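Heads up: the structure comes next, in structure tokens.
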Amino acid sequence: MSQRKNVPKATSTQLIHHCYEPPAGFKSVVPGIHKASTVIFENTAALRARQWKDKTGYTYGLHGTPSTFTLEERLATLEGGLQTLLTPSGLAAIAMVDMALLSAGDEVLIPDNAYGPNKDLARAELAHWGVTHRFYDPLRADDLAALITPKTKLVWLEAAGSVTLEFPDLIGLLRVARQHSHVVVALDNTWGAGLAFDAFAFDNVDGQAQGADISVHALTKYPSGGADVLMGSITTRTESLHLKLKMTHMRMGLGVGGNDVEAILRGLPTLPLRYAAQDAAARQIAQWWTTRSEVSQVLNPALPGSPGHAHWAQLCRAAAGLVSVVFDQRYGAAHIDAFIDALNLFKIGYSWGGPVSLAVPYHLQAMRALGEVPQGTLVRLAIGLEDPQDLIADLEQALMALKG
Ligand SMILES: *Cc1c(COP(=O)(O)O)cnc(C)c1O
């Protein structure tokens, strides 16, 4: 052994196998970030014995690092669940839940106002794989009840609805699904972010807290807060469901990058403050819109009169930072494009939860089939971290373009 140590090594080798070891005992405010594909074992016995499924050890970067385990544990705490898996995007988390739980012959039920790509996935890949889907009216639990059959294996919930922001009858929908033991309930909890309501405990039956089986979260939005990272998470409250999802997750090879994990870990401590600030600003801006004659409807679950406001008030502590407005039908698409183009602080782009306010126009008729879909063009505003009075002044000046 000692003889081997003395063999002179080339610089290239020494740059890799250097003998310096930093002293132990370094502690900082932020957890250390670990990155790996390869994980090194002490010997072959350790390699054979190592377990990763229960987080007692590390085998390969794809199966977890100290950094991914730390983020998973913090997200499980945020969501009130037991275990969390990380995916490369929010959409990948949705897709993974579908893949893990649905087989040919099964059916999935999705709210009509769900995140669009969730519906597209059902129409394309799930259909190709022999999985059928139907869309239900999220404001009507009886509509969901009428669609559940023995084929139904998965029911998606989303609160509030993407773009149109109706707050569904979550409790009613859950109670309908719970009457069928073969149905798993998955919630897209991106809007609630683990802060507005408890994904796993928004209902109470005989003193027992009830909620979804799975909470999916686009960390891209509020947990990141920076508009610069894509990541998703899947949180569960039972070990058996977690393991089922985890095995699919492993077999699909869905890993996340260490730099991105670091960015989300950095965002988490300020999540409640940012969420509260964007919520307060969105309510202020929603209120301001109600005084404007250019719009026929203002959509924000915390605003009295917004669809599903009573459902929101029943179980939510907060309301995120989104406001949608439906323009009066006297304004055509060209007017509304001119309004959006005239905005200065609001930028034109998808997503939400970042520092910069965003605006996107939507033509609902092409997106929706069920319920009372507003007529006219809708503009969704994602409120950033700018001063709300400055944002209102920006909207006010851009409305001049409508008339011009
Ligand atoms: C953004 C979003 C997703 C998807 O997240 P990505 O990380 O962009 O893939 C899913 N659901 C909702 C409600 C979202 O807003």
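Checking the condition surrounded by fewer than 16 Cβ atoms within 10 Å (Cβ to Cβ), in contact with a Lys or Arg (Cβ under 6 Å, 6 or more places away or on another chain) and either outside the structural domain of Val185 (by TED's automatic domain parsing) or part of a loop (DSSP other than H, G, I, E, B) (or both), which residue from Gly25, Gly32, Gly57, Gly81 passes?
Every option except Gly57 fails the conditions.
Select from segment 37-54 the residues that are outside any strand (DSSP E or B) and in contact with a strand residue (DSSP E or B) (Cβ under 8 Å, 6 or more places away or on another chain) and write down the one among them that is most open to solvent (accessible area, probe 1.4 Å).
This residue is Ser37.
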(request) Spot the failing condition for Pro150; the list is (1) in contact with a His (Cβ under 9 Å, 6 or more places away or on another chain); (2) open to solvent by 30 Å² or more (accessible area, probe 1.4 Å); (3) not in a loop (DSSP other than H, G, I, E, B), and only one is missed. (result) (3)
(request) Inspect segment 178-200 for any residue being part of a strand (DSSP E or B) and either basic (Lys, Arg) or not assigned by TED's automatic domain parsing to the domain that holds Ser103 (or both) and give the result as yes or no. (result) no
(request) Tell me which of these Val323 doesn't satisfy, since it passes every other one: (1) within 16 Å of the ligand (Cβ to nearest atom); (2) assigned to a helix (DSSP H, G or I). (result) (2)
(request) Filter segment 213-225 down to the residues that are in contact with a Ser or Thr (Cβ under 9 Å, 6 or more places away or on another chain) and not in a strand (DSSP E or B), then identify the one that is farthest from the ligand (Cβ to nearest atom). (result) Asp213
(request) Considering only segment 342-367, state which residues are farther than 26 Å from Ala276 by Cβ, assigned to a loop (DSSP other than H, G, I, E, B) and in contact with a strand residue (DSSP E or B) (Cβ under 9 Å, 6 or more places away or on another chain). (result) His363
(message) Restricting to segment 175-219, count the residues that are polar (S, T, N, Q) and open to solvent by 20 Å² or more (accessible area, probe 1.4 Å).
(response) 5
(message) Where the second residue is basic (Lys, Arg) and surrounded by 13 or more Cβ atoms within 10 Å (Cβ to Cβ) and the first is in the same structural domain as His363 (by TED's automatic domain parsing) and lies in segment 323-350, which pairs have Cβ atoms under 6 Å and are six or more apart or on separate chains?
(response) Ser324/Arg380
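The values are calculated or read from the model by the stated rules, or taken from the named source; none is laboratory data. The model shown is predicted, which means the values in this text are computed figures rather than measured ones. Positions of Cβ are backbone-derived with ideal geometry, glycine not excepted, and every protein chain shown enters the neighbour counts. Just the protein is used for accessible areas: all its heavy atoms, side chains included, with ligands, DNA and RNA removed. Shrake-Rupley method; radii C 1.70, N 1.55, O 1.52, S 1.80 Å.
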